[in-house]
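Presented below is the structure to which this report refers.
The values are calculated or read from the model by the stated rules, or taken from the named source; none is laboratory data. None of the values given here were measured: they were computed from a predicted structure. Here the Cβ is made from the backbone with ideal geometry for all residues, glycine too, and neighbour counts use every protein chain on show.
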Amino acid sequence: MTMTRGNLFILSAPSGAGKSSLIKALLEKHANIKVSVSHTTRAPRPGENNGEHYHFVNVDEFKALIDKGDFFEWAQVFENYYGTSKQAIEDQLNNGIDVFLDIDWQGARQVRDLIPEVKTVFILPPSQNELEKRLNSRGQDSQEVIAGRMAEAKSESSHYDEFDYVIVNDDFNVALAELEHIVIAARLQTKAQQTRHQNLIAQLLA
């Protein structure tokens, strides 16, 4: 069996739809899946560590990385910048690791232009009421901030039809299973299987 190049996935969702929880649960079940650690200029939230959740940099440092061409994609979201490192992604894919990019629809467009074979997934909440409930349950943001996130959620969700797959995160376990199915289906595509099982296929067709 020959090692195949990993698959690149994009997972996007409005804030509060459960994207981070789904990624965390997926990583706990599968050792050969990683999530890209993005660069950001926003301040760390409670419990976030530099290099684990994000690479936290200031605006000048971020703009210097843009000028060097170090990002697959980058975007300004609200008042902060977010970007995805090229080299880190390539190294993991070449080692046969499936990589998830946790980015918004703007970043998804940029990556899709560079890597047309990327698989893109959008997570929708089951309702606006449930989304607002989840945002409130975090206990991190003021009502003014939550109102802004609710308005932004509607704008972000309007781009769902640009993605290959859509998952409604109503029942978490169901949503996680659906996300796993997408990963497995990508691994079973003919091109990947031709590489992975080239010796077997050669023997069968001899």
| task | Would you mention how many residues in segment 159-180 are over 16 Å from the mean Cα position of the chain (by Cα) and in a helix (DSSP H, G or I)? | result | 5
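A quick yes/no check of all residues on (1) surrounded by 12 or more Cβ atoms within 10 Å (Cβ to Cβ); (2) farther than 24 Å from Arg45 by Cβ; (3) not aliphatic (A, V, I, L, M):
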| position | (1), (2), (3) |
| --- | --- |
| Ile97 | yes, yes, no |
| Gln106 | yes, no, yes |
| Val118 | yes, yes, no |
| Ile123 | yes, no, no |
| Ser157 | yes, no, yes |
| Val166 | yes, yes, no |
| Asp170 | yes, yes, yes |
| Ala175 | yes, no, no |
| Residue, modelled with the highest pLDDT, within segment 20-57, restricted to residues that are among the aliphatic types (A, V, I, L, M) and more than 15 Å from the chain's Cα centre (by Cα) | Val57
| task | Could you pull out the residue among Ala25, Ala75 that is among the hydrophobic types (A, V, I, L, M, F, W, C), surrounded by 17 or more Cβ atoms within 10 Å (Cβ to Cβ) and over 15 Å from Val111 (Cα atoms)? | result | Ala25
| remark: When every residue in segment 95-152 that is without any contact (Cβ under 8 Å) to a residue 40 or more places away in the chain, not polar (S, T, N, Q) and not in a helix (DSSP H, G or I) is compared, the one farthest from His39 (Cα to Cα) is Gly139
| query | Is there a residue in segment 182-192 that is among the basic types (Lys, Arg), exposed (fewer than 13 other Cβ atoms within 10 Å of the Cβ) and within 20 Å of Gly16 (Cβ to Cβ)? | reply | no
